[in-house]
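The values are calculated or read from the model by the stated rules, or taken from the named source; none is laboratory data. Computed from a prediction, not measured in an experiment: that's the story for all the values here. When we count neighbours, we look across all protein chains shown, and the Cβ atoms used for this are built from the backbone with ideal geometry, even at glycine.
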Amino acid sequence: MLIDLKQLREEEELYKFKRHEDKCSRFINEDVRLEIDVQMGALKMGESIHYSTTARWHLHDIIVWALRQTGPADLYFCTYAIKEFQARLFSNMQRDQLIRKIYALVDYRAEVHDAQVVQLLKEVCEKFGTMRTHAKLVIIRNEDWAVVITTSANLTQNTSGDVGVISCDTGAADFRIDWLIKNINDGTGAK
């Protein structure tokens, strides 16, 4: 009996992605993931998803949900506020190779309000910067996926409902990445 190398490679890829999904599951509550699945369905390149949240799940949950589908990717984000839980979540996901590189732009006041979070981000980010901003933006990018999340939510566990749009669009992702990197480089606290 001959071994079908094509089938073997396909099985290997499926196993690798299953391992990725299993790793992601450690970073999101299963009930929350299922609730997001029901509201949003699945990511598809060329399509957008409009969503609203309850206080049961937050922006970091949406990021884990998206990374579970994209596979390992670079994470770019801009936020007015980020808390230690979310910064550590991203650091741990990077350690587990679910996030390849992190690029972050946060409001300059974070250096006063959350100095420990800023210090952690400076250690784990490929590029980090601060500026006066109220923008909330996330881009998840790898060779196959370009996911842009534009939202009213900060990277916190607030008790308010939020709304947002997830666009799976290469042009939009590249445009937002260019904007984010330019502002990191031009910002007051560029690394």
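Against the test of being in a loop (DSSP other than H, G, I, E, B), modelled with pLDDT of 85 or more and closer than 30 Å to PHE128 by Cβ, the options TRP57, TRP65 yield a single qualifying residue, TRP57. Counting only residues that are out of contact with any helix residue (DSSP H, G or I) (no Cβ under 7 Å at 6 or more places or on another chain) and part of a helix (DSSP H, G or I), the stretch 94-140 holds 7 of them. Examine the stretch 94-109 for a residue that is farther than 20 Å from ILE177 by Cα, surrounded by 15 or more Cβ atoms within 10 Å (Cβ to Cβ) and touching a residue at least 24 places away in the same chain (Cβ under 8 Å), and state whether such a residue exists. The answer is no; no qualifying residue exists.
For the stretch 141-175, the set of residues classified as farther than 26 Å from THR54 by Cα and in a strand (DSSP E or B) consists of ARG141 only. Among the residues of the stretch 138-191 satisfying the criterion of being buried (at least 19 other Cβ atoms within 10 Å of the Cβ), hydrophobic (A, V, I, L, M, F, W, C) and within 21 Å of ARG109 (Cβ to Cβ), which is farthest from the chain's Cα centre (by Cα)? Here the answer is ILE184.
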